[in-house]
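First the structure, in the form of structure tokens, and then the observations on it.
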Amino acid sequence: MPEQVIRGLGVSPGVVCAPWLPFGSPTRTSPGDPVSGPPDQELERVKAALDEVSAQLKERAARVNGVAAEILTMSATMARDPGIVSATEKELAAGVPTAHAVHLAFESFCAKLEKLGGYMAERATDLRDIGGRTVAVLRGEPMPGIPEPGYPFVLVARDLAPADTAMLGGSDVVGLLTTEGGPTSHTAILAKSLGLPAVVNCPDTGRLLDDAPVLLDGTTGEVIIDPSPMRQRAALEQAEAERARLAASGGPGHTADGTPVHLLVNIGTVDDAIRDGEADSEGVGLFRTEFMYLGRPTAPALDEQIESYTVIFEQFAGRRIVVRTLDAGSDKPLPFLDLGTEENPALGVRGLRVGTVFPETLGTQLTALSQAAAVTGADLWVMAPMVATADEAAGFAELARSVGLTKVGAMIEIPAAALRAPDLLASLDFVSIGTNDLSQYTCAVDRMAGGLAHLLDPWQPALLDLIALAGAAGTAAGKSVGVCGEAASDPTLAPVLVGLGVTSLSMSATALGPVRLALRDVSIDQCRDAADAAVAARNPQAARAAAAAVLGRA
Ligand code: PEP
Ligand code: MG
């Protein structure tokens with residue numbers, strides 16, 4: 001059969017050719033399943049299955065670190081909870097078939113957790129996963145979740161839940177292909193941070209052939225089903241050459257004719273800082289501080305914050321560190337900041353607005369940052385998320401300066417802020433464009449809505465117009481304009497952003513190399529010409545093609 005090509009959105013660069021396997025969905029249980037044996041005997045089987053699941057999770061926890069290890073260790077402990085055994089025992093005694101009894105026992109605990117809301121409700125997903133695994137062991141079926149075949153493979157799924165993506169690190173997955181999900185989805189961000197080539201929003205995965213490999217290009221979004229041996233060889237050679245080119249490059253970012261473009265990393269936790277501190281970057285362009293406190297029932301105290309910021313700043317000694325104050329609300333709820341129920345949280349109290357409801361939390365964080373900088377001598381830049389107006393920017397700048405912070409900025413994530421960037425910059429030292437949210441608010445599309453991914457495409461000319469306004473404001477004021485959304489890691493878009501006036505790009509560490517090389521290939525005039533060509537286009541495809549032609553990548 002000739003090769004077939006299907007297409008999605010390339011969201012994490014790299015080419016990979018490997019067999020594919022589907023994400024395992026848990027099988028359903030039913031009260032009508034045949035009853036297997038006497039309740040006592042079945043309860044022993046259930047206990048043995050729970051032990052096996054717990055042991056497997058522990059073993060996987062030992063293979064990864066950071067958040068993934070924490071989630072897996074916690075799941076291993078949950079699997080041994082005596083409450084699950086006694087709830088199952090009750091169901092078995094009532095004559096419920098074994099697998100369904102286990103399912104009901106887990107569901108009763110999930111319902112309790114979900115009722116508690118917030119962090120506890122999120123744990124229900126993990127508990128359900130353990131229930132599904134236990135049922136699989138009892139039935140001798142393949143494990144739900146990410147397969148573990150013992151060889152490298154491309155994982156094919158509808159989309160991945162955050163708990164699943166946490167498991168990708170220590171797995172055999174070498175590429176990701178999903179039918180849903182957009183360029184700013186959790187899957188895309190995590191794939192990039194792990195350096196896994198990924199294509200999302202590919203509706204035709206149903207055409208993949210069993211037992212035939214796929215060749216996936218995470219830059220173009222092209223997926224070739226059953227590629228010819230010649231094409232496989234060519235792809236491997238190309239990937240090898242790219243790896244060699246990347247390995248041979250390093251150092252600060254700049255265009256071919258020497259215009260500096262600072263290349264920075266995005267981090268969210270102490271573990272990220274320890275890992276990415278080793279990367280060849282010029283510092284941190286976005287430290288998402290809220291990531292350290294997701295799921296925390298109580299606010300982090302001043303001392304605790306000083307301690308973690310100090311460790312993080314030490315990893316980047318002598319380099320720039322741009323820290324964002326807590327961006328709570330909407331897609332990142334923090335349980336200790338109870339914002340009540342909002343009809344439309346993405347348009348509600350979030351980002352800097354949370355600071356007006358909880359001024360003490362913002363004050364404590366700014367003080368902790370200032371003290372950690374004093375201890376470490378860090379080159380600290382502090383910015384507020386979700387700033388809409390010049391008055392908000394001025395208010396934040398005054399507050400931050402009052403505790404001794406000297407470089408104060410704001411994120412440009414709301415069209416209003418981009419339109420009035422000159423007014424914002426009057427009271428700020430810098431701005432950083434969050435293209436993930438700026439896309440969402442420009443085209444009025446939920447950033448998690450995979451089905452509307454084309455409207456979240458960072459090449460949308462309207463988004464480029466807003467970036468151009470912020471870039472021009474920065475150039476006029478002689479102040480730094482960064483991009484720290486996912487758009488910064490697209491090697492073709494990077495020169496366009498620079499042409500629009502952007503002076504730094506912040507991304508996951510694995511994206512640094514391709515972006516560095518892309519910039520070194522082109523002059524600043526080419527960047528400006530590519531930007532003009534992209535802005536003049538009518539739609540994202542035309543913008544991408546026009547820029548690629550100017551940059552010699554067509
Ligand atoms: C953004 O919105 O582009 C951004 C960088 O912030 P976050 O993704 O954390 O909302
Ligand atoms: Mg944002």
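Only the coordinates and a few stated rules stand behind these numbers; no lab work does. For clarity, every value in this text was computed on a predicted model and none was experimentally measured. Cβ atoms come from the backbone with ideal geometry, glycine included; neighbour counts cover every protein chain shown.
Numbers at a glance
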read-out: Whole-angstrom gap from region 213-227 to region 326-365, using each part's C-alpha centre; value: 41 Å
read-out: Likely footprinting exposure, Thr376, Thr289, fewest C-beta neighbours within 10 Å first; value: Thr376, Thr289
read-out: Whole-Hz couplings from phi, Karplus 6.51/-1.76/1.60, listed for region 124-141; x for Gly and Pro; value: 4, 4, 5, 5, 4, 4, 5, x, x, 5, 5, 4, 4, 5, 4, 8, x, 9
read-out: Nearest-20 debye value, region 6-60 charge dipole, Cβ charges on Lys, Arg, Asp, Glu; value: 440 debye
read-out: For Val261, residues with placed amide H under 5 Å, excluding near neighbours; value: Gly253, His254, Thr255
read-out: Using alpha carbons only: equivalent-ellipsoid semi-axes of the chain, gyration tensor based, whole Å; value: 41, 31, 20
read-out: Sequence-separation-based contact order of the chain, relative, with Cα cut under 8 Å and 6+ spacing, percent; value: 14 percent
read-out: Per-peptide average of other Cβ atoms within 10 Å, ordering 178-185, 234-241, 4-11, 318-325 highest first; value: 178-185, 318-325, 4-11, 234-241
read-out: Least to most buried among Arg123, Arg233 (fewest other Cβ within 10 Å first); value: Arg233, Arg123
read-out: Size of charge dipole - region 176-230 - debye, nearest 20, with Cβ of Lys, Arg +1 and Asp, Glu -1, no other charges; value: 260 debye
read-out: Long-range amide H partners of Ala328 with built H, under 5 Å; value: Gly351
read-out: Lys, Arg +1 and Asp, Glu -1 on Cβ, resulting dipole of the chain about Cα centre, debye, nearest 20; value: 520 debye
read-out: In degrees, nearest ten, helix 390-402 long axis to first principal axis of the chain (Cα); value: 90 degrees
read-out: Cα long-axis angle, helix 39-63 against the chain (0 to 90 degrees, to the nearest 10); value: 30 degrees
read-out: Using θ = phi - 60° and Karplus 6.51 cos²θ - 1.76 cosθ + 1.60, couplings along region 240-246 (whole Hz; Gly, Pro as x); value: 5, 4, 5, 4, 5, 4, 5
read-out: Bridge type composition, the chain - antiparallel percent by DSSP, nearest 5; value: 30 percent
read-out: Cut-off 16 Å, label 7 Å out along Cα→Cβ of Ala48, residues of region 70-107 by amide N; value: 98-99
read-out: Fraction in percent of alpha-carbon pairs per bin - 5 Å, region 358-450; value: 3, 14, 23, 20, 17, 13, 7, 3, 1
read-out: Computed FRET value (nearest 0.05) for Ala256 with Thr220, which takes r as the C-beta separation and R₀ as 25 Å; value: 0.55
read-out: Sorted by Cβ density within 10 Å, fewest first, the residues Lys192, Lys332; value: Lys332, Lys192
read-out: For region 283-300 versus region 83-142, the gap between their alpha-carbon centres in whole angstrom; value: 31 Å
read-out: Centroid-to-centroid separation of region 476-516 and region 32-60 [C-alpha atoms, Å]; value: 52 Å
read-out: When each of Lys47/Lys112; Lys112/Lys192; Lys90/Lys115; Lys90/Lys112; Lys47/Lys332 is checked by Cα-Cα distance, pairs over 29 Å; value: Lys112/Lys192; Lys47/Lys332
read-out: Other-chain or far-sequence residues with amide H under 5 Å of Ser12's (modelled H); value: Ala198
read-out: Shape call, region 67-152: gyration tensor on alpha carbons, a/c limit 1.5; value: oblate
read-out: In order through region 92-109: 3J(HN,Hα) via Karplus (6.51 cos²θ - 1.76 cosθ + 1.60), integer Hz, x for Gly, Pro; value: 4, 4, 7, x, 6, x, 3, 4, 5, 4, 4, 4, 5, 4, 5, 4, 5, 6
read-out: Of Pro147, Thr98, Val284, farthest towards positive along the dipole that unit charges on Lys, Arg, Asp, Glu beta carbons give the chain; value: Val284
read-out: Contour minus Cα-Cα distance for Ala241 and Asp391 (0.36 nm per residue); value: 48.9 nm
read-out: Distant alpha-carbon pairs in region 204-333 (separation over 23 angstrom), percent; value: 57 percent
